[in-house]
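Throughout, read-outs are computed from the coordinates displayed, never taken from laboratory work. All values reported here derive from a predicted model rather than from experimental measurement. Cβ: placed from backbone, ideal geometry, glycine included. Neighbour counts: every protein chain shown.
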Amino acid sequence: MSLVPYGLVRPFLFRMDPEAAHDLTLNAVARTQGTVLEKLYAQAQVQDPVTLAGLRFPNRVGLAAGLDKNARCIDGLGAMGFGFVEVGTVTPLAQSGNAKPRMFRLPDAQALINRLGFNNQGLDAFVANVQRSALRRAQSPGLLLGLNIGKNAATPIERATDDYLACLEGVYPHADYVTINISSPNTKNLRALQSDEALDGLLGALAQRREELAQRQAKHVPLFLKIAPDLDAEQIAAIAATLQRHHMDGVIATNTTLAREAVQWLPHSNEAGGLSGAPVRDMSRQVIRGLRTALGPDFPIIGVGGVLSGADAVGHLDAGANLVQIYTGLIYRGPALVREVALALKQRSAA
């Protein structure tokens with residue numbers, strides 16, 4: 001258990017602007033990781049190993065992308081007990097993202113709305129941060145690292161594949177797996193890449209480049225696709241078929257939602273951006289169930305969306321996920337949620 005209970009820290013953070021609190025927290029983790037002060041938030045990793053997509057995950061709970069966009073805090077976040085940590089989304093060139101304010105809390109719904117817009121320092125800085133992490137220097141088997149890639153806002157959608165290929169080239173040597181993010185609602189037209197023809201072209205190009213990189217570097221890195229919760233059954237089935245056709249290694253379901261029905265009475269509910277947290281839970285499970293039906297029993301699925309307790313995580317596994325990720329739950333519950341989820345999933349998998 002971490003030395004400082006999150007319940008003592010959260011009231012202070014929640015009095016701040018959400019993005020300012022986010023930046024303050026990441027800066028603190030970046031400064032303290034690898035030092036004795038890491039004990040303030042570190043906790044023992046639950047051992048519940050599972051092999052998926054050719055990777056041995058130490059346990060079934062990971063950090064979702066979006067929290068650490070620039071890969072500055074890999075070691076500190078890993079110390080919280082995750083079995084895998086995913087950082088990014090990174091784009092080829094640095095970009096500032098959308099105008100502030102662009103992050104909003106909805107505490108009554110245990111939710112967030114953000115329209116950050118892939119704000120990040122660019123691919124070169126991202127890779128340099130990954131290389132500086134103790135995890136990568138040691139090539140430690142105790143934690144897996146996912147690197148999440150996207151396109152620049154200024155890149156026309158018809159040239160999006162160029163951005164994804166550039167990012168794949170850059171991150172490939174350093175990743176345990178790479179996630180292709182086509183589901184953020186905060187980059188104009190990005191979700192259009194989920195359509196049949198666009199997705200087929202993108203995944204085909206990435207699969208071909210992956211094979212070239214695998215031969216060149218003698219290393220096969222799994223590719224996962226991250227999709228939105230705002231999909232109907234026909235769209236889910238089409239995405240599933242495309243994943244299989246291009247031999248993708250897994251799918252992450254889901255990103256944030258544009259829907260507001262569950263929070264429409266709350267302050268900030270009309271802010272543009274993606275809604276995450278508890279209101280997305282059922283939507284994510286519906287997509288997970290659809291994917292499991294379409295993909296069969298063996299295709300890897302990582303469930304994310306609305307996991308704020310061990311029971312929520314078990315519900316994602318019951319819907320068909322193999323692993324889960326958290327993000328908004330970490331903001332509301334703190335590092336203790338990581339251990340709670342890992343223990344609940346260990347008990348569920350042993351049943």
What residue among Leu225, Leu112, Leu258 has the largest mean-square fluctuation in a Gaussian network model of the chain, using Cα springs under 10 Å? Leu258
The chain: longest segment with zero exposed trypsin sites (Lys or Arg not before Pro), where exposed means DSSP loop plus at most 12 other C-beta atoms within 10 Å, is residues 16-187
³J(HN,Hα) computed for each position of the range 313-318 - Karplus, 6.51 cos²θ - 1.76 cosθ + 1.60, integer Hz, glycine/proline x: 5, 4, x, 5, 5, 4
Under 5 Å between amide H atoms, partner at least 5 residues away or on a different chain: which partners does Ile252 have, H built in plane at 1.01 Å? Leu225, Lys226, Ile227, Ile302
Quick one: what are the phi-derived ³J(HN,Hα) couplings along the range 288-295, Karplus 6.51/-1.76/1.60 with θ = phi - 60°, whole Hz, x for glycine and proline? 4, 4, x, 5, 4, 4, 6, 9
By the Cα gyration tensor axes a ≥ b ≥ c (a/c under 1.5 gives rounded; else a/b larger than b/c gives prolate, otherwise oblate), the shape of the range 246-351 is oblate
Positive-end extreme of charge dipole, the chain - chosen from Leu193, Gln215, Ala240 (charges on Cβ): Gln215
Cα-only radius of gyration and Dmax that characterise the range 103-169, units Å: 16.1, 42
Karplus-derived HN-Hα couplings along the range 241-258 (A = 6.51, B = -1.76, C = 1.60, θ = phi - 60°), whole Hz, x at Gly and Pro: 5, 5, 4, 6, 4, 9, 6, 5, 9, x, 9, 10, 10, 8, 7, 7, 10, 8
Rg over Rh of the chain, using C-alpha atoms and the Kirkwood radius, what does it come to? 0.93
Reciprocal mean inverse distance between Cα atoms of the range 149-211 - Kirkwood radius, Å: 11.9
Residue-averaged [θ]222 nm for the chain, counting only DSSP H segments that reach four residues, each worth -39500 (n - 2.57): -12000 deg cm²/dmol
Which number gives the lysine pairs in the range 6-350 that have C-alpha atoms under 28 Å apart and are eight or more places apart or on different chains? 15
Compactness of the range 72-117, expressed as Rg and Dmax over alpha-carbon positions, Å: 14.1, 37
Considering the chain as a Gaussian network with a 10 Å cut-off on Cα pairs, which listed residue, Asn181, Asn270, Asn70, attains the greatest mean-square fluctuation? Asn270
So, with +1 on the Cβ of K and R and -1 on the Cβ of D and E, and no other charges, what is the size of the charge dipole of the chain about its Cα centre, to the nearest 20 debye? 820
